[in-house]
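Contents: one structure, followed by commentary.
The values are calculated or read from the model by the stated rules, or taken from the named source; none is laboratory data. What you see is a predicted model, and the numbers here were worked out from it, not measured in a lab. Cβ atoms come from the backbone with ideal geometry, glycine included; neighbour counts cover every protein chain shown. Surface accessibility is based on the protein's heavy atoms, side chains included, excluding ligands, DNA and RNA. Shrake-Rupley method; radii C 1.70, N 1.55, O 1.52, S 1.80 Å.
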Amino acid sequence: MKPFINAKGLVHEYSRRDEEGNVTGINRALDGIDIEVKAGGFIAVLGANGSGKSTFAKHLNALLVPTEGTLYVDGMDTSEQKNNLPIRRTAGMVFQNPDNQIISNVVEEDVGFGPENMGVPTEEIWRRVEESLKSVGMYEYRKDSPNHLSGGQKQRIAIAGIMAMKPKCIVLDEPTAMLDPSGRKAVIKTVKELNKKENITIILITHYMEEVTGADYVYVMSEGQVKMKGTPRQVFARSEELAKYRLMVPEVTKIALGLSKKGINIPKDILYPEELTDILLKIKSGVL
Amino acid sequence: MIRDITIGQYYATESIIHKLDPRVKVVCTFAYIISLFCFNQLSGYIIAALFFWCITKLSKVPFKFIVRGIKPILFMLVFTALLNLFWTSGEHILIKYGVITITAEGVKRTIFMALRLVFLIIGSSLMTLATTPNQLTDAIEKLLRPLNKLKVPVHEVAMMMSIALRFIPILVEETDKIMKAQLARGADFESGNIFHRIKSMAPIIIPLFVSAARRATDLALAMDARCYNGGEGRTKMKPLKYKKQDIIAYLIMLLYITVIIIAGKYLPF
Ligand SMILES: Nc1ncnc2c1ncn2[C@@H]1O[C@H](COP(=O)(O)OP(=O)(O)OP(=O)(O)O)[C@@H](O)[C@H]1O
Ligand SMILES: [Mg+2]
């Protein structure tokens with residue numbers, strides 16, 4: 001099957017210019033990225049600050065175009081201008097700052113903004129707004145002002161705004177970076193449900209390890225390159241390497257690693273707290 | 001909470017006036033203001049006042065909210081009134097004391113002018129109290145659409161207005177935050193002469209501008225990502241459509257204007 005997202009040798013250079021517009025410096029933010037994502041997949045992109053995650057995300061939405069290499073989204077070449085709108089319909093994007101991506105001052109009108117732009121008929125807009133607000137669990141806030149919502153709620157509104165455009169894929173660029181732990185949980189839960197129930201391809205960009213445990217596949221970026229890839233278990237088992245890229249494995253994995261260093265016979269790729277308690281209980285009762 | 005501040009002054013309630021198409025309210029308010037200048041005798045003011053009183057009752061907006069609109073212009077009101085009082089020449093001199101002369105014509109004109117201003121203010125107050133800012137921008141966009149042909153970017157201006165409505169409370173809160181942060185660093189906004197105080201505002205204004213610019217770039221990206229492409233080919237989630245009640249409202253307004261004009265011509269006082 002053809003991959004839904006296909007990046008080959010993707011390079012992006014930001015050029016610094018002086019007042020006259022002459023290039024004074026070049027910053028290679030992406031340096032030969034190869035990523036393939038299947039339709040309906042849930043992939044996570046990890047990386048420390050400045051590793052090029054946001055730059056990559058913006059390519060998926062044709063907000064930036066490759067300097068070198070190619071990127072196809074659902075078979076469309078992002079470097080062709082005429083594909084801009086179709087690509088933005090296919091791949092929706094949720095940004096980091098919840099305040100700066102909500103356009104209207106009534107929740108339902110904000111969710112309707114995307115469909116309005118796409119020229120969807122009025123009754124259909126209302127149907128979509130209702131449906132997507134329900135699917136992120138924010139339907140009862142539809143008449144409110146976004147200014148009165150918490151960060152996590154605003155982020156879910158932003159997700160609903162994307163959902164209403166009926167994209168095949170949603171790219172989330174650190175959607176939880178400005179949220180408190182409970183807001184973070186609610187957003188990640190929403191995202192996982194969309195992936196499972198609606199079969200929407202998810203690309204989650206983050207630097208919180210706990211959030212990627214549900215992903216099918218994880219890419220680790222550093223200095224504009226993909227340095228590691230694999231299932232979450234495969235990636236987290238290599239904690240020393242992750243530390244090199246200024247990333248830390250989840251707390252549970254760290255505890256398991258520490259225990260195994262102390263000579264306790266425990267797998268290195270534990271992802272969930274329940275998993276760890278399970279194994280520890282088994283060891284205690286002598287099963288293992 | 002500072003985020004609760006509302007721009008405009010919408011008074012949320014259910015009333016016939018609230019439910020009218022916002023275009024009706026904008027057009028009728030303009031017509032009402034113009035009508036105030038179509039007469040110059042007492043009966044006209046009585047009719048205008050009665051009409052306004054009926055609309056206010058229908059709108060269910062408490063009267064004290066409406067008169068609140070007069071407060072900010074009270075100074076201007078008194079000032080123009082005094083000018084009119086002292087500078088109108090006429091035949092029936094009431095008081096003459098040194099350079100000050102007050103004539104009967106002056107008194108009449110003063111009262112009428114003040115009344116006119118008051119009606120003008122409370123009339124537009126009532127409109128903003130009974131219409132949400134969003135509806136207002138929608139109405140303005142639709143009413144001014146013909147100007148599109150003259151290359152006036154009507155849709156863009158309306159979009160800017162509604163984005164401003166969303167971001168003003170956020171920026172107000174941010175100003176408050178920056179101010180507190182600078183106070184914590186020992187900044188002093190209160191003392192010194194006026195120049196000193198203006199200068200001490202720089203540590204607030206500059207971060208505020210930087211942050212506003214960042215928000216603007218972020219928002220532009222977010223709008224792009226959601227397929228925003230200007231007004232063309234856009235549909236509306238809440239399109240404005242005239243209903244029966246709106247036509248009736250226009251007819252009532254027309255009737256009022258006719259009455260006012262006839263009264264101005266034929267009534268003796
Ligand atoms: N508009 C720009 N102009 C010039 N350089 C830029 C621009 N945006 C990003 N960069 C540079 O590109 C590199 C990658 O930035 P990017 O924003 O993609 O990183 P990131 O992984 O998203 O980081 P963060 O975790 O901070 O969001 C950085 O070195 C950054 O300084
Ligand atoms: Mg980023």
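Data overview
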| item | result |
| --- | --- |
| Tabulated pairs, region A:171-193, first away from ligand 2 (no atom under 12 Å from the Cβ), second aromatic (Phe, Trp, Tyr) and assigned to a loop (DSSP other than H, G, I, E, B), C-beta under 9 angstrom, 6+ apart or interchain | A:THR176/A:TYR208; A:ARG184/A:TYR208; A:ILE188/A:TYR208 |
| The lone exception for A:ALA177 - which of (1) away from chain B (no Cβ under 14 Å); (2) out of contact with any Leu (no Cβ under 8 Å at 6 or more places or on another chain); (3) modelled with pLDDT under 90 it fails | (1) |
| Matching residues in region B:252-261 - criterion: being among the β-branched types (Val, Ile, Thr) and either in contact with a Gly (Cβ under 9 Å, 6 or more places away or on another chain) or surrounded by 12 or more Cβ atoms within 10 Å (Cβ to Cβ) (or both) | B:ILE252, B:ILE257, B:VAL259, B:ILE260, B:ILE261 |
| Of all residues making up region A:83-119, the number that are at the interface with chain B (Cβ under 7 Å from one of its Cβ atoms) and among the polar types (S, T, N, Q) | 6 |
| Top-ranked residue of region B:224-251 - restricted to ones that are surrounded by 14 or more Cβ atoms within 10 Å (Cβ to Cβ) and among the aliphatic types (A, V, I, L, M), ranked as farthest from the chain's Cα centre (by Cα) | B:ALA225 |
| Residue in region A:151-169 that is closer than 21 Å to B:ARG226 by Cα, within 12 Å of chain B (Cβ to nearest Cβ), in contact (Cβ under 8 Å) with a residue 12 or more places away in the chain and within 16 Å of ligand 1 (Cβ to nearest atom) present | no |
| Sole exception among (1) within 16 Å of ligand 1 (Cβ to nearest atom); (2) in a loop (DSSP other than H, G, I, E, B); (3) open to solvent by less than 40 Å² (accessible area, probe 1.4 Å); (4) closer than 25 Å to A:ALA177 by Cβ for A:SER104, by number | (1) |
| Hits in region A:11-31 (condition: among the small types (Gly, Ala, Ser) and either free of Cβ contacts under 8 Å to residues at least 12 places away in the same chain or open to solvent by 100 Å² or more (accessible area, probe 1.4 Å) (or both)) | A:GLY21, A:GLY25 |
| Hey, A:ILE87 part of a helix (DSSP H, G or I) and crowded, with 20+ Cβ neighbours inside 10 Å or not | yes |
| Selection status of B:PHE189, of a type in the set (Phe, Trp, Tyr), open to solvent by less than 60 Å² (accessible area, probe 1.4 Å) and assigned to a helix (DSSP H, G or I) | no |
| Residue pairs meeting the criteria (Cβ under 6 Å; at least 6 apart or on separate chains; first in contact (Cβ under 8 Å) with a residue 60 or more places away in the chain, in region B:247-258; second open to solvent by less than 90 Å² (accessible area, probe 1.4 Å)) | B:ALA249/B:LEU20; B:ALA249/B:VAL24; B:MET253/B:CYS28; B:MET253/B:ALA31; B:TYR256/B:PHE51; B:ILE257/B:SER35 |
| Test: A:VAL226 is open to solvent by less than 10 Å² (accessible area, probe 1.4 Å) and closer than 28 Å to A:ARG28 by Cβ | no |
| Filter result (aliphatic (A, V, I, L, M) and assigned to a strand (DSSP E or B)) within region A:1-22 | A:ILE5, A:ALA7, A:LEU10, A:VAL11 |
| Filter result (small (Gly, Ala, Ser), part of a helix (DSSP H, G or I), more than 9 Å from chain A (Cβ to nearest Cβ) and under 30 Å from A:HIS59 (Cβ atoms)) within region B:192-249 | B:SER211, B:ALA212, B:ALA213, B:ALA220 |
| Criterion violated by A:LEU64 - all others in (1) away from every other protein chain (no Cβ under 14 Å); (2) surrounded by 15 or more Cβ atoms within 10 Å (Cβ to Cβ) satisfied | (1) |
| Residue list for region B:118-147, filter: farther than 10 Å from B:VAL26 by Cα and part of a loop (DSSP other than H, G, I, E, B) | B:ALA130, B:THR132, B:LEU144 |
| Some residue of region A:16-35 being within 26 Å of A:GLN234 (Cα to Cα), more than 16 Å from ligand 2 (Cβ to nearest atom) and of a type in the set (A, V, I, L, M, F, W, C) | yes |
| Residues of region A:194-224 classified as aromatic (Phe, Trp, Tyr) and either within 16 Å of ligand 2 (Cβ to nearest atom) or within 14 Å of chain B (Cβ to nearest Cβ) (or both), total | 2 |
| Helices (runs of 4 or more DSSP H) lying entirely in region B:1-115 (those with 3 or more residues that are open to solvent by less than 50 Å² (accessible area, probe 1.4 Å) and modelled with pLDDT of 85 or more) | B:22-35, B:42-59, B:74-87 |
| Evaluation of A:VAL45 against (1) within 14 Å of ligand 1 (Cβ to nearest atom); (2) more than 10 Å from chain B (Cβ to nearest Cβ); (3) open to solvent by 30 Å² or more (accessible area, probe 1.4 Å) (one fails), failing number | (3) |
